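Participant: Got a structure for you, questions after.
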Amino acid sequence: MTSATLGAIVLWLGWFGFNPGSTMAAAVGDMSRIVITTNTAGAVGLLVATAVAWMVLGKPDLGMSINGLLAGLVAVTAPCAYISVGSSAIIGAIAGALVVFAVIMFDKLKIDDPVGATAVHLCCGVFGTLAVGLFAEDAIMPNTTGNGLLFGGGAKLLISQLIGIAAVGAFTFVISYIIWVAIKATMGVRVSETEEMEGLDIGEHGNSAYPDFAVSMISSSGAMNIGYASSKPKASEKPAEKVMR
């Protein structure tokens with residue numbers, strides 16, 4: 001978690017180059033405002049995700065806090081230039097709460113997403129795209145998006161954002177599906193169960209990236225086997241069921 005936290009801080013810093021640096025001209029006033037809206041959404045997302053996870057899970061969860069930070073940054077990326085600081089705080093708060101429930105949902109659906117990337121980037125990315133249609137203000141960036149639904153602009157901008165989400169989603173799904181089917185038919189997309197248990201750091205690179213990481217498995221006999229990730233099962237042992245604890 002130390003490395004994950006450090007990585008999140010690096011990403012947070014990098015977002016200040018990504019959002020303000022995406023403007024078409026180096027307008028100091030616009031870039032300064034975008035820095036503030038970006039930072040506000042990230043900070044509020046972190047705090048709200050921490051609070052929501054604490055209430056839902058019963059304990060504060062550092063992983064959820066990190067994802068809350070990233071959720072706020074992802075959600076504010078699309079609207080950052082067209083919203084007020086107050087709106088960015090609301091967007092960050094919604095994203096921070098949304099990511100907690102999205103992570104839990106994907107876990108219940110048994111979708112393999114150990115770091116919550118789908119919850120952060122898919123769910124909060126879609127929400128952030130919709131946020132343009134809700135929170136945009138023409139007074140902030142005149143003659144660009146116009147006002148969003150919550151600022152008297154009607155549903156026109158929101159509908160445009162919905163169409164964009166549907167178009168990008170459909171294109172991405174179709175192209176990705178074709179590519180993954182082709183890879184599955186040729187190279188394959190799964191490694192052996194033994195290599196999954198050992199870790200791809202050993203199978204692909206010949207080194208153990210996590211030497212202190214212990215793996216426990218429930219065998220078919222009901223006994224718990226505990227060993228390091230790099231250890232191989234004995235020939236006399238029955239194949240372990242795919243249950244991790």
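Participant: Among Ser160, Ser87, which comes first, then next, by fewest other beta-carbon atoms within 10 Å?
Facilitator: Ser160, Ser87
Participant: Now for a separate question. For the pair Ile163 and Lys108, how long in nm is the line joining their label points, each one 7 Å along Cα→Cβ?
Facilitator: Modelled inter-label distance: 3.5 nm.
Participant: While we're looking at this one, here's another question. If neighbour count is taken as other Cβ atoms inside 10 Å, put Glu137, Glu204 in order from fewest to most.
Facilitator: Glu204, Glu137
Read-outs throughout are calculated quantities, based only on the coordinates presented, and are distinct from any laboratory measurement. Every value quoted in this text rests on a predicted model; they were computed, and no experiment measured them. Please note: Cβ atoms are built from the backbone with ideal geometry, for glycine as well, and neighbour counts cover all protein chains shown.
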